[in-house]
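Enquirer: Dropping the structure in here first, questions after.
The values are calculated or read from the model by the stated rules, or taken from the named source; none is laboratory data. Note that the structure is predicted; figures quoted are calculated from it, not measured. Note that each Cβ is placed from the backbone with ideal geometry, even for glycine, and that neighbours are counted across all protein chains shown.
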Amino acid sequence: MTEHPGCGPRRLSGWGRTAPSTAYVREVRDPADIVAAVRGADRRGVLARGLGRSYGDAAQNAGGLVLDMTTLAQVHHVDAATGLVEVDAGVSLDTLMRVLLPFGLWVPVLPGTRQVSVGGAVAADVHGKNHHVAGSFGSHVRSLELVTADGTLHRVDPEHPLFWATVGGMGLTGVIVRATIACRRVESAFLLVDTERAGDLEDLMARLSADDAAYPYSVSWFDSIATGRRLGRAVITRGRNALLEELPPALAARPLDMGARRRATLPAVFPPGLVNRASGRIFNELWFRAAPRLRRGEVQDVTRFFHPLDVVGSWNHVYGPRGLCQYQFVVPFGAEDALREAVGLIASSGHVSCLNVLKRFGPGNAGLLSFPTPGWTLAVDLPVRPGLDRLFAALDALVLEAGGRLYLAKDSRASAGTVARMYPRLEEFRAARARVDPAGVFVSDLARRLSLTDAPIL
Ligand SMILES: Cc1cc2nc3c(=O)[nH]c(=O)nc-3n(C[C@H](O)[C@H](O)[C@H](O)COP(=O)(O)OP(=O)(O)OC[C@H]3O[C@@H](n4cnc5c(N)ncnc54)[C@H](O)[C@@H]3O)c2cc1C
């Protein structure tokens, strides 16, 4: 490893803690730090890192330089009238929400955790429970400031070819310094939520297909262990921002207060195997039974509806030192048989997942490597255990056959060949990238593993 003055080597991993690697990490205080780092890049290259919430190796650069963007975190401008907000890439969505809500503004796309940076949200083109009506994060970005491989700063908007290579481009086109995001107006930070149970996978798919359009936010948790008649039984939660007049008096007095719950943090002391078939079965059973059969119009706060896991920091430690893999795919509408088979494979695999999501995506955007495409997306969080590779290989084959794809921000183990077949615009991405970064300054462990760039693998 070439030394980088002023910054020390650090072991970095993704949220799944599966494939750590060591890089020199430099905290970015000013855009000039990025320019200097890029101009001084050696052959192991440079990569921006946000809050490290991608599951696999996307925010790692073994033996090279990693720029910690979380120290560049100012909200520069909020235009309450137009909803346009200009922020540094290191600002978390949590901070952004807290800053915007007093203006009656709402972050347009919220993934399953608020502990995600704006840079990471753009680079992975993250999606939320409203994808079916609002699309993914990049669709709400009006411009980006980006330091490219020659060390120059560019402002790019959706008309610029580099924009859609950067949205979903996993940090490989440059370092995002700032973003201007179009936010929408809300009357309250609270949600009116309908909850219902579905008895099996067919019932679940039918309910989501029939009613999703009526809700801006929709998601389902499904039981990933039940088989037979109960295969794919689920709890559906859907909602929308409550209007002021819909809130009970106590909340109407503080409609834009999102609450600031304390975060407990779990230490990394959990043994391997704590999340196992027995504990997973109990969890899945209890979670299903605890949900109401049908409840309409419940008022929930942001954390309860969108981010219940954020209440516990480092909950990934529960999976023990071997870590976890998230497997998230999308298959097109019409490929329901593949979805049925995937749910059946997971349920009968002997592997266990507690966080199991099924939702419908709407139309995708122009991001060359953007994940969401119209169809069914399923995600499961699986603790690493022997034999998991066999389950993943079987699922990969199903997803490929169905014309679907895996989500790069969640992946830690797919092969380059598999991913190339899933992303038909990968060549276009490589070419766009090669034009702005011919020497391969920007690189990550993910990019090396999946050959996402044309640059020589060093
Ligand atoms: C509990 C949990 C729930 C999640 N739920 C969802 C969900 O519902 N929907 C969804 O889409 N995703 C979800 N994710 C994944 C997460 O939203 C993405 O991985 C996101 O990219 C993480 O942002 P980050 O700031 O942590 O980025 P990191 O993990 O640090 O980096 C991710 C990628 O972004 C690049 N990057 C980061 N900052 C910059 C920058 N300034 N310039 C250029 N590139 C940059 C990195 O190089 C890397 O390739 C979830 C993750 C967790 C842990």
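Enquirer: Return the pair list, or none, for Cβ contacts closer than 8 Å from residues in segment 161-180 that are closer than 20 Å to Gly364 by Cβ to residues that are of a type in the set (D, E, K, R) and more than 11 Å from the ligand (Cβ to nearest atom), at least 6 apart or on different chains.
Expert: From residues that are closer than 20 Å to Gly364 by Cβ, the pairs are Phe163/Asp157; Ala165/Arg433; Gly169/Arg433; Leu172/Arg433; Leu172/Asp437; Thr173/Arg433; Thr173/Asp437; Ala179/Glu86.
Enquirer: Taking segment 185-207 as the search range and keeping residues that are outside any loop (DSSP other than H, G, I, E, B) and in contact with a Gly (Cβ under 6 Å, 6 or more places away or on another chain), which one is surrounded by the fewest Cβ atoms within 10 Å (Cβ to Cβ)? It would help to see each step written out before you state the result.
Expert: If we filter segment 185-207 for residues that are outside any loop (DSSP other than H, G, I, E, B), which is where we start, we get 185, 191-198, 201-207.
Then keep just the ones that are in contact with a Gly (Cβ under 6 Å, 6 or more places away or on another chain); that gives 185, 191-193, 201, 204.
Working: Arg185: 12, Leu191: 22, Leu192: 20, Val193: 20, Leu201: 23, Leu204: 23.
The selected residue is Arg185.
Enquirer: Follow-up question, since we're still on this one. Report, ordered by the first and then the second residue, all pairs with beta carbons closer than 6 Å, sequence separation of six or more or different chains, a first member in segment 125-138 that is of a type in the set (A, V, I, L, M), and a second member that is part of a helix (DSSP H, G or I) and buried (at least 24 other Cβ atoms within 10 Å of the Cβ).
Expert: Final answer for the pair search is Val126/Phe137.
Enquirer: Now for a different question. Return the residues of segment 52-92 that are more than 11 Å from the ligand (Cβ to nearest atom), under 30 Å from Ser412 (Cα atoms) and of a type outside the set (A, V, I, L, M); say none if nothing qualifies.
Expert: Hits for segment 52-92 are Gly63, Gly64, Thr71.
Enquirer: For segment 381-437, what are the residues that are assigned to a helix (DSSP H, G or I) and of a type in the set (Val, Ile, Thr)?
Expert: At the first step, the residues of segment 381-437 found to be assigned to a helix (DSSP H, G or I) are 388-401, 416-422, 426-436.
Answer for segment 381-437, where residues must be assigned to a helix (DSSP H, G or I) and of a type in the set (Val, Ile, Thr): Val399, Thr418, Val419, Val436.
Enquirer: For segment 404-416, give me the residue count where each residue is surrounded by fewer than 20 Cβ atoms within 10 Å (Cβ to Cβ) and under 13 Å from Leu172 (Cβ atoms).
Expert: 0
Enquirer: Could I ask something else about it? The conditions are (1) among the basic types (Lys, Arg); (2) within 16 Å of the ligand (Cβ to nearest atom); (3) not in a helix (DSSP H, G or I), and Arg296 fails exactly one of them. Which is it?
Expert: Of everything listed in (1) among the basic types (Lys, Arg); (2) within 16 Å of the ligand (Cβ to nearest atom); (3) not in a helix (DSSP H, G or I), Arg296 misses just condition (2).
Enquirer: When only residues in segment 111-136 that are near the ligand (Cβ under 10 Å from one of its atoms) and outside any loop (DSSP other than H, G, I, E, B) count, which is surrounded by the most Cβ atoms within 10 Å (Cβ to Cβ)?
Expert: Ala121
Enquirer: Quick check on segment 77-88. Is at least one of its residues part of a loop (DSSP other than H, G, I, E, B) and either hydrophobic (A, V, I, L, M, F, W, C) or farther than 22 Å from Pro255 by Cα (or both)? Steps first, please.
Expert: Narrowing segment 77-88 to residues part of a loop (DSSP other than H, G, I, E, B): 79-83.
The next check asks that each one be either hydrophobic (A, V, I, L, M, F, W, C) or farther than 22 Å from Pro255 by Cα (or both); those that pass are 80-81.
Yes, segment 77-88 contains at least one residue that is part of a loop (DSSP other than H, G, I, E, B) and either hydrophobic (A, V, I, L, M, F, W, C) or farther than 22 Å from Pro255 by Cα (or both).
Enquirer: Search segment 285-302 for residues being touching a strand residue (DSSP E or B) at 6+ places or on another chain (Cβ under 8 Å) and either at pLDDT below 85 or basic (Lys, Arg) (or both), and hand back the single one that is surrounded by the most Cβ atoms within 10 Å (Cβ to Cβ). Before you say what the answer is, go through the steps one by one.
Expert: Pass one, segment 285-302, residues touching a strand residue (DSSP E or B) at 6+ places or on another chain (Cβ under 8 Å): 287-288, 291-302.
Now drop any that are not either at pLDDT below 85 or basic (Lys, Arg) (or both), which leaves 293, 295-296.
Working: Arg293: 9, Arg295: 13, Arg296: 10.
Among residues in segment 285-302 that are touching a strand residue (DSSP E or B) at 6+ places or on another chain (Cβ under 8 Å) and either at pLDDT below 85 or basic (Lys, Arg) (or both), the one surrounded by the most Cβ atoms within 10 Å (Cβ to Cβ) is Arg295.
Enquirer: Is there any pair with a first residue in segment 303-318 that is in a loop (DSSP other than H, G, I, E, B) and a second that is more than 8 Å from the ligand (Cβ to nearest atom) whose Cβ atoms are under 7 Å apart and which are 6 or more apart or on different chains, and what are they?
Expert: So the pair list comes out as His307/Arg114; Ser314/Thr265; Ser314/Leu266.
Enquirer: Still on this structure, please answer the following. Being at pLDDT below 95 and surrounded by 23 or more Cβ atoms within 10 Å (Cβ to Cβ), is that true of even one residue in segment 332-347?
Expert: No, that holds for no residue.
Enquirer: Just need a number here: residues in segment 220-244 that are over 27 Å from Val109 (Cα atoms) and among the polar types (S, T, N, Q).
Expert: Going through segment 220-244 one residue at a time, the tally reaches 1.
Enquirer: Under 6 Å between Cβ atoms, which residue pairs at least 6 apart in sequence (or on different chains) link something in segment 243-260 that is in contact (Cβ under 8 Å) with a residue 60 or more places away in the chain with a partner that is among the hydroxyl-bearing types (Ser, Thr, Tyr) and in a loop (DSSP other than H, G, I, E, B)?
Expert: Pro255/Ser188
Enquirer: Can you tell me how many residues in segment 97-109 are in contact (Cβ under 8 Å) with a residue 60 or more places away in the chain and either near the ligand (Cβ under 8 Å from one of its atoms) or more than 18 Å from Glu187 (Cβ to Cβ) (or both)? Give the derivation first.
Expert: Here is the first cut: in segment 97-109, the ones in contact (Cβ under 8 Å) with a residue 60 or more places away in the chain are 97-98, 100-102, 104-108.
Checking the rest, the ones that are also either near the ligand (Cβ under 8 Å from one of its atoms) or more than 18 Å from Glu187 (Cβ to Cβ) (or both) come to none.
Number of matching residues: 0.
Enquirer: Applying the selection to segment 438-458, what residues are part of a loop (DSSP other than H, G, I, E, B), of a type in the set (A, V, I, L, M) and within 16 Å of the ligand (Cβ to nearest atom)? I'd like the intermediate steps shown before the answer.
Expert: The first filter runs over segment 438-458 and keeps only residues part of a loop (DSSP other than H, G, I, E, B), leaving 438-441, 443-444, 451-458.
Next, from what is left, pick out any that are of a type in the set (A, V, I, L, M): 439, 441, 443, 452, 455, 457-458.
Listed by number, the residues that qualify are Val441, Val443, Leu452, Ala455.
Enquirer: Separate question: Taking the residues in segment 216-237 that are surrounded by 13 or more Cβ atoms within 10 Å (Cβ to Cβ) and without any contact (Cβ under 8 Å) to a residue 60 or more places away in the chain as candidates, determine which candidate is nearest to Cys183 (Cα to Cα).
Expert: Here the answer is Ile236.
Enquirer: Just to check your reading of the model, which residue among Ser139, Ser143 is over 20 Å from the mean Cα position of the chain (by Cα) and either part of a strand (DSSP E or B) or away from the ligand (no atom under 12 Å from the Cβ) (or both)? If you could, list the steps in order and put the result at the bottom.
Expert: Details: Ser139 fails: over 20 Å from the mean Cα position of the chain (by Cα).
When all the criteria are applied, what remains is Ser143.
Enquirer: Shifting gears a bit: For the condition without any contact (Cβ under 8 Å) to a residue 60 or more places away in the chain, closer than 26 Å to Arg322 by Cα and buried (at least 21 other Cβ atoms within 10 Å of the Cβ), what is the one hit in Val443, Val419, Val380? Walk me through it before giving the result.
Expert: On the way: Val443 fails: without any contact (Cβ under 8 Å) to a residue 60 or more places away in the chain; Val380 fails: without any contact (Cβ under 8 Å) to a residue 60 or more places away in the chain.
Checking each option against the conditions leaves just Val419.
Enquirer: Is there any pair linking a residue in segment 74-90 that is on the phi > 0 side of the Ramachandran plot to one that is of a type in the set (A, V, I, L, M) and part of a strand (DSSP E or B), with Cβ under 9 Å and at least six apart or on different chains, and which?
Expert: Gly83/Leu105; Gly83/Ile181; Gly83/Ala182
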